[in-house]
């Protein structure tokens, strides 16, 4: 009898864990801005913007809105997205994902390219269509389906504008009509339409994607307005007394979803400043908050219009996921969808050896290039405190060729730890920074002849990156760099720090390559 009672106790304790009260924000850490979410039955799908990185628009799946797995990217072919000459202030801006009658639609903007476009698929884990280009301009386009019609909202001329379109052809079926200008905050953007209790609700962001960011909402009985704003706007912001001192800032650019149990939730972007500073390095991340709808009333986000790191609220039945692997040994001879490239890569420069190493082949482009894609493949930094390491062998190199590990924010803002080929055949380990117009060698150490494979390591806390290398089992410290210089406030742009493996030919001549035996990323 005791064994039966114990079995029931264990069963119900595990069940209560699945129904756990609370979760931790951000639900998708690191550079994952501008989230949009949709539900299909018991499944949830979420996309983020990607700017100058390829593949474009990371795609996530969840069963509980808390635990997310990246299952692919929406833009995986150059025929879908051209990223030539893009940087962290251009490329693929905020996407929206919607599902209608068996088809998933993702609409977004290629800034610096041809503007707004749609791709679609019936299998989100498979390939998406080539772009269907749209006439209405602006950024942050979103789709709304109703009664066999599809409506597009975006913000040309700084005003939320609506039209009817054919989502399969892109044809605009009605004139563009301005429907709301927001509450007076700058940059009214990120519009999304919903219908609830006979009202059309228009959710937008205002204030710019900085400390003054906010989410506001308006409603109308008819889809093309007029829309009247919520007297309690904004419904989410940390630019007020409630949000003052919160370790999360810049909350905004939200999307709403009704869960399968009838509860409502909001995903939004925000950033985590370096403690005690006004700078952030990890980029804008994806956060989650519950939403309350009273009868015939406006939505209330998390009770007081803020979000927290620790959310002590009821959740859906939780379905934990393993998350991004800490260790990648490349023996599968494929890269998971989390790996990203700068602009459109030349696939010939990314190979796998027979013994399961990642071989990168040098090209003319360097990490300082803003007009071409260097041989560089990276993962997002997701935590302030982490350790990233790799083991690299530089081969067939000419003097000044290099290969290694880069802590990369933008082409003019990165810290590099690498092997460099020297005259006479030996190699050095070098620590260098590029900040604005200045490039400086912080430390260089000449290695013994025939050094071979070298392990390169970067550790970080919120304020510093610390660099070291290990050769033949012997550890060597090299120095540390201030994280502030890689922050968005210093370097600019809309992305966050990524950790990249790379190789560069100093002469622009082909030939040099580098074999990486693994990449390890550990949260500290």
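Since every read-out is calculated from the coordinates, none of them should be taken as a lab result. All values derive from a computational prediction rather than experimental measurement. Cβ atoms come from the backbone with ideal geometry, glycine included; neighbour counts cover every protein chain shown.
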So between residue 111 and residue 168, what do we pick up on full extension, going 0.36 nm a residue minus the alpha carbon distance?
-> 18.3 nm
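When the Cα atoms of the chain are enclosed in a convex hull and the volume is divided per residue, what value in Å³ results? Kindly include the intermediate steps, with their values, before the conclusion.
Details: hull volume 90.8 nm³, N = 524.
With only Cα atoms used, the chain gives 173 Å³ per residue.
Write down the Å³ per residue value for the convex hull defined by the alpha carbon atoms of the stretch 300-377. Before the final figure, lay out the partial values.
Numbers: hull volume 14.9 nm³, N = 78.
Convex hull volume per residue, Cα atoms: 192 Å³.
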Over the chain, what relative contact order in percent results from Cα pairs under 8 Å that are six or more residues apart?
-> 14
Along Cα→Cβ, 7 Å out, is where each label goes; now give me the distance between the ones at residue 355 and residue 308 in nm to one decimal.
-> 5.3
Say R0 is 22 Å: what FRET efficiency, to the nearest 0.05, do residue 230 and residue 178 get from their beta-carbon distance?
-> 0.70
Mind jotting down the distance between the C-alpha centroids of the stretch 91-155 and the stretch 250-316, whole Å?
-> 24
Given only helices, namely DSSP H runs of n ≥ 4 each adding -39500 (n - 2.57), what is the per-residue ellipticity at 222 nm of the chain, to the nearest 500 deg cm²/dmol?
-> -1000 deg cm²/dmol
If you take the Cα Rg of the stretch 267-425 and divide it by 2.2 N^0.38 Å, with N the number of residues, what do you get?
-> 1.42
Per-peptide average of other Cβ atoms within 10 Å, ordering 408-418, 21-31 highest first | 408-418, 21-31
Overall Cα dimensions of the stretch 386-524 - principal axes, largest extent first, Å = 42, 33, 23
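Only Cα pairs under 8 Å and at least 6 apart count here; give the relative contact order of the stretch 338-456 as a rounded whole percent. Kindly include the intermediate steps, with their values, before the conclusion.
Details: 202 pairs, mean separation 22.1, N = 119.
Relative contact order here is 19 percent.
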Tilt of helix 2-18 relative to the longest C-alpha principal axis of the chain, in degrees (0 to 90, nearest 10)?
-> 90
Pseudo-spin-label distance residue 149 to residue 129, built 7 Å along Cα→Cβ, given in nm, is 2.1
Kirkwood-based Rg to Rh ratio, the stretch 141-207, C-alpha trace = 0.98
Going highest first, how would you order 496-502, 183-189 by mean Cβ packing within 10 Å?
-> 496-502, 183-189
Could I have the simple spin-label model distance between residue 197 and residue 122, label points 7 Å from Cα toward Cβ, reported in nm to one decimal?
-> 3.8
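At 0.36 nm per residue, and after removing the present C-alpha to C-alpha distance, how many nm does the segment from residue 338 to residue 246 gain when stretched out fully? Mind showing how you got there, number by number?
Working: separation 92, 0.36 × 92 = 33.12 nm, distance 2.92 nm.
Contour length minus the Cα-Cα distance gives 30.2 nm.
Test of understanding: what is the full-extension gain from residue 327 to residue 24, defined as 0.36 nm times their sequence separation minus their Cα-Cα distance? Could the numbers behind the result be given before it?
Numbers: separation 303, 0.36 × 303 = 109.08 nm, distance 2.34 nm.
Answer, rounded to one decimal: 106.7 nm.
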